[in-house]
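Below you'll find the structure, written out as structure tokens, and then a few comments.
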Amino acid sequence: MSHNTLIHRIVRPGVRLVAPMGATPNQLTTLRLVTGLTAAGLFACGPGISSNIAGVIFLISMLLDRADGELARQTGQMSLAGHRYDLWCDCTVNVVTFIGIGVGFSAAEAGLGNIAGLAIVILFWQLNVVKVAAVRTFSFLKGHITIDPDDAMVLVPVLVWLGFARPMLLAAAIVTPLVVLWIAFTSSGSKPEINNSAGGR
């Protein structure tokens, strides 16, 4: 997983300002978790002003997701425990986000959110616990822009703002389980490259 994606570059100047203040990576990770859960709760209130605010908070949470690892690298505070905590928070936020968006609509959409959330948990287990697949990044403009698969989560608030939350939930409830199944059937004897929705520091 790259540590020099577009979002890493966006947060890097801010992290340089925060680093001398004594903040720790785990503090930023915890703030990422709190903001992510807050956004999910607001998404669960349904379409409207709550969802619009939730989208803003969710984007802040995503920036914090990259900032914690950036701070760890800049200050030499990298640790396996911190990395695992970061991964757990990322998975939790992603799961409750889809569940929250579904709850905000109806029982049917809540079911789609639950399916997507469960598939994310299984995907997290496949990629980060048993590690049956490797994760790759994507580069554009001759390597000047690098995108981590997890960066695609930035589309969640955008699609909500544009009124495409329902199609997004349906797509997540279909595509994510299919990815899980694909990994399960192709993981024997090799480690295929696959997108990661769980994230990481």
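Just so it is clear, none of the values below were taken in a lab; they were calculated from the coordinates. Only a predicted model underlies this, so the values are computations on that prediction, with no experimental measurement involved. Backbone-built Cβ (ideal geometry, glycine too); neighbour counts: all protein chains shown.
For region 6-186, the residue among Thr97, Pro20, Gly113 whose Cα projects farthest onto the positive side of the dipole built from Cβ charges is Pro20.
With the simple spin-label model, which puts each label point 7 Å out from Cα in the Cβ direction, the Arg16 to Trp88 separation comes to 3.4 nm. Taking amide H atoms as placed 1.01 Å from N in the peptide plane, the amide H of Gly104 lies under 5 Å from those of Gly46, each 5 or more residues away in sequence or on another chain.
With contacts taken as Cα pairs under 8 Å and at least 6 residues apart, region 53-117 reaches a relative contact order of 20 percent. Our coupling estimate for region 76-82, obtained by passing each phi through the Karplus curve with A = 6.51, B = -1.76, C = 1.60 and θ = phi - 60°, is x, 10, 5, 8, 5, 5, x Hz, Gly and Pro reported as x.
Taken along the Cα-to-beta-carbon direction at a fixed 7 Å, the label points for Val129 and Ala184 span 1.4 nm. When the scattering of region 6-186 is computed by the Debye formula from its Cα atoms alone, each counted once and equally, what is log10 I(q)/I(0) at q = 0.15 Å⁻¹? Once normalised to I(0) and log-transformed, intensities are -0.92.
Computed extension length for Thr30-Val121: 30.8 nm, one decimal, from 0.36 nm per residue of separation with the Cα-Cα distance subtracted.
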